[in-house]
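Student: Below is the structure I would like to discuss, written out as structure tokens.
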Amino acid sequence: MSAEEQTTRPDKGAKRPSRHAKIMRGVVTPIFGLLAVAAVVLGYMNATMWKPSTEITASATMSGSRYVVTDPNVLTLLDQNATITVDSGSSQDEACVALGSSKDVAGWVASEKSYTRITGLASWSELSTQKGSSTSQGAPTSADDAVSFKDSDMWTAVKCGTGSVSLKSKKTGASTVAIVDLGENVTNAKVQLHWVRSEVPDFAMPFYLSGGLLAVLAVLCASVFAMPPHKRRKRMVEGKASAVIEEEAPASIAVSGKPDGASRRNRRRHATHR
């Protein structure tokens, strides 16, 4: 075999990838790549089709209770502004809705045997309700009998209507609650809360960040992590050595005042003049 053939013949043993490199590039890298693509796709779906709605409307059907009261913080559950809509179930029956402090509302329903509490959301379209009992067993006073619900000065806002009525709650405090008077002959009345959220949760960004991290891991597995350990150590040593040389070169120039090449040229010029 000639010397030329020996130099041109490929070294199969040197170019053949190791078992570690095959696993990292053929198994681990595709897995991280597929996970990165899946994370980006899920992020795009959460930013478009699965994006949370800004408008939430939840309702509940009431029967057997004249008064309906929201628990504290229910009005501001999803946004600072809310709209309470009451449908009495009949076009002839009058319904009223009012806003007041939790203390005043509790005093108004204290003489009632039972009333309905709205405690929160059972789902994105349904309100969770619970029966509430009065804390006082006494009969209502004559003053309460003399003042009707809509004429009471206990409410910060009140609105009545035949058939249906709506009242907006704007930036109310934590102690402000809503109370609904459905009348004495209530049957299949409906209470509805509507919010328009100014901020919605961002579920897309975590998926995008995860996809970027997985893509970086895929690239590292195909390049750095696929290298044999001794080659990685050799590159690290060479990198440190080059960094040390670059740091020492400016220091030598600073000590001599001139680079080595410039000093040699100056010595040659002095020799020719002599």
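Student: When the chain is fully extended, how far beyond the present Cα-Cα distance does Ser91 get from Glu55, taking 0.36 nm per residue of separation?
Tutor: So the extension gain works out to 10.2 nm.
Student: Net charge near His194: determine it from the other residues with C-beta under 14 Å of the C-beta of His194, scoring Lys and Arg +1 and Asp and Glu -1.
Tutor: Once positives and negatives cancel, what remains is 0.
Student: Roughly speaking, what is the centre-to-centre gap between region 175-189 and region 31-87 when only Cα atoms are used, to the nearest Å?
Tutor: Region 175-189 and region 31-87 have Cα centres separated by 24 Å.
Student: What is region 175-231 by shape, rounded, prolate or oblate, if you read a ≥ b ≥ c off the alpha carbon gyration tensor as root eigenvalues and call it rounded for a/c under 1.5, prolate for a/b larger than b/c, and oblate otherwise?
Tutor: prolate
Student: Would you work out which of Ile56, Val69, Ala95 lies farthest towards the positive end of the dipole of region 55-196, given +1 charges on the beta-carbon of Lys and Arg and -1 on that of Asp and Glu, about the Cα centre?
Tutor: About the Cα centre, the residue reaching furthest to the positive side is Ile56.
Student: Per residue and in Å³, how big is the convex hull formed by the alpha-carbon atoms of region 55-196?
Tutor: 97 Å³
Student: Between Ala21 and Ser101, what is 0.36 nm times their sequence separation minus the Cα-Cα distance? Round to one decimal in nm.
Tutor: So the chain would gain 21.8 nm between Ala21 and Ser101.
Student: Would you pull out the residues with amide H under 5 Å of Ser169's amide H, same chain only if 5 or more places away, H placed 1.01 Å from N?
Tutor: Amide H to amide H, under 5 Å and 5 or more residues apart or across chains, Ser169 pairs with Ala82, Thr83, Ile84.
Student: Along the Cα→Cβ direction, 7 angstrom out, place labels at Phe225 and Ala38. What is the inter-label distance in nm?
Tutor: 1.6 nm
Student: Something else: At 7 Å along Cα-to-Cβ for each site, give me the label-to-label distance between Asn188 and Cys160 in nm.
Tutor: 2.5 nm
Student: Please report the antiparallel percentage of DSSP beta bridges with both residues in region 55-196, rounded to the nearest 5.
Tutor: Among the beta bridges of region 55-196, antiparallel pairing accounts for roughly 90 percent.
Student: Quick one: which residues, 5+ away or cross-chain, put their amide H under 5 Å from the amide H of Ser164? H built at 1.01 Å from N.
Tutor: Counting only residues 5 or more places away or on other chains, the set is Ser88.
Student: In debye, nearest 20: dipole of region 55-196 around its Cα centre with unit charges on the Cβ of K, R (+) and D, E (-)?
Tutor: Roughly 280 debye, rounded to the nearest 20.
Student: Going by how many other Cβ atoms sit within 10 Å of their own, how do Asp104, Asp87 line up, fewest first?
Tutor: Asp104, Asp87
Student: Once the piece of chain linking Lys171 and Ile31 is laid out straight, how much longer is it, given 0.36 nm per residue of separation minus the C-alpha distance between them?
Tutor: 45.4 nm
Read-outs: derived from the displayed coordinates by stated rules, not from any lab. A quick note: this is a predicted structure, and the numbers were derived from the prediction, not measured. Reconstructed Cβ throughout: ideal geometry from the backbone, glycine too, with neighbour counts over all protein chains shown.
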